[in-house]
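Where a number appears in this text, it was derived from the coordinates with a stated rule and is not lab data. Predicted model, so just to flag it, every value in this text is computed and none were measured. Counting neighbours? That spans all protein chains shown, and the Cβs are built from the backbone with ideal geometry, glycine included.
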């Protein structure tokens, strides 16, 4: 298990409220198998911490392709959140991108990349995000949101390693 960047950093040359999270991990499973797992939205529930009470609201099965919309609901710190994403890019078995259309962020752009690595697969997540509310959003990010997102992705990495070990 490797982690390229375990912290959240500001995006260079981006508006002050934009941030980037980059995570990388390698699993001992073939590329096609790993991509197939990540391409099934119902598996997102297995990768999301239980304290978020994450549920997919879009009727299943969901056929993933560019333009697919997926609605979710979750709870963050007791607040009910509805989230709508669109699959913006779909390049099996190497990459897909989901963007938030409705939800708690001003911007959420999540690139999922998959690369063959020896006999396994390297999974690379790059999340660009921005909070609303200008200076208040930046303060909340510094005090809480950065920690919350890191904790969610830490959980996700642990689950991915367990599922593919």
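Each of 148, 18, 98 has some number of other Cβ atoms within 10 Å of its Cβ, and from fewest to most they run 148, 18, 98. What residue among 136, 44, 101 has the largest mean-square fluctuation in a Gaussian network model of the chain, using Cα springs under 10 Å? Its mean-square fluctuation being the largest, the pick is 136. Between 51, 83, 108, the GNM of the chain built on Cα springs shorter than 10 angstrom shows 51 fluctuating the most.
For the chain, a Kirkwood radius taken over Cα pairs fed into Stokes-Einstein (4 °C, viscosity 1.567 mPa s) yields D = 79 µm²/s. What separates the Cα centres of the range 78-156 and the range 30-47 is a distance of 16 Å.
Estimated from helical segments only, the mean residue ellipticity of the chain at 222 nm is -6500 deg cm²/dmol, where each DSSP H run of four or more residues counts as -39500 (n - 2.57). With R₀ set to 35 Å, the beta-carbon distance separating residue 86 from residue 119 gives a calculated FRET efficiency near 0.55.
Length gained on full extension, residue 56 to residue 140: 27.6 nm, using 0.36 nm per residue less the C-alpha separation. Helix 146-163 axis versus longest C-alpha principal axis of the chain: approximately 10°, rounded to the nearest ten.
Under the classification rounded if a/c is under 1.5, otherwise prolate if a/b is larger than b/c and oblate if not, where does the range 10-104 fall, given a ≥ b ≥ c as square roots of the Cα gyration tensor eigenvalues? Rounded, since a/c falls under 1.5. Computed from label points 7 Å out along Cα-Cβ, the spacing between residue 63 and residue 45 is 2.2 nm. Between 91, 138, 55, the GNM of the chain built on Cα springs shorter than 10 angstrom shows 91 fluctuating the most.
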